[in-house]
Amino acid sequence: MIITTSSSIAGKKIVKTLGIVKGNTVRARHLGKDIVALFKNMVGGEIQEYTKLLAESREQSIDRMKTEAEQLGANAIIDI
């Protein structure tokens, strides 16, 4: 599955638009990790627990979007 933020794919022709696909997720951390993040927030700097959570959420959302696109018969997702 080709996924791109551009409105075209070099060497490919868009022949049909199948609709909008989306992949949403909301995740929560363990209370203990939230407390650690709270202390890190007080002293400043990156909160690695939340950075990791954001990356995991993004990947899960993209996977869900790909699954929805495949169900529509798509072979690419553009302009995300």
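Values for this structure:
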{"item": "Under 28 Å, Cα to Cα: Lys pairs in the chain, sequence gap 8 or more or different chains", "result": "10"}
{"item": "Rounded accessible area of Asp63 (nearest 10 Å², 1.4 Å probe)", "result": "80 Å²"}
{"item": "Heavy-atom SASA rank of Met42, Met65 (probe 1.4 Å, accessible area, largest first)", "result": "Met42, Met65"}
{"item": "Probe 1.4 Å, accessible area per residue of the chain, Å²", "result": "78 Å²"}
{"item": "In degrees, nearest ten, helix 48-72 long axis to first principal axis of the chain (Cα)", "result": "20 degrees"}
{"item": "Rounded FRET efficiency, nearest 0.05, which uses the C-beta distance separating Asp79 from Thr51 and R0 of 25 Å", "result": "0.45"}
{"item": "Net lengthening on full extension, Lys16/Ile62 (0.36 nm per residue, minus Cα-Cα)", "result": "14.4 nm"}
{"item": "Rounded percent of accessible protein surface that carbon and sulfur make up, the chain, 1.4 Å probe", "result": "55 percent"}
{"item": "Between helix 31-43 and the chain: long-axis angle, C-alpha atoms, 0 to 90°, nearest 10", "result": "80 degrees"}
{"item": "Identified option (computed Rg and Dmax of the Cα atoms in Å; candidates (i) 17.7, 53; (ii) 15.3, 49; (iii) 15.3, 57)", "result": "(i)"}
{"item": "For Ile77, distant residues with modelled amide H under 5 Å away", "result": "Ile2, Ile3, Thr4"}
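The values are calculated or read from the model by the stated rules, or taken from the named source; none is laboratory data. Keep in mind that what you see is a predicted model, and the values were worked out from it rather than measured. Please note: Cβ atoms are built from the backbone with ideal geometry, for glycine as well, and neighbour counts cover all protein chains shown. For the accessible areas, the whole protein counts, side chains as well, though only heavy atoms, and no ligand, DNA or RNA atoms are used. Shrake-Rupley method; radii C 1.70, N 1.55, O 1.52, S 1.80 Å.
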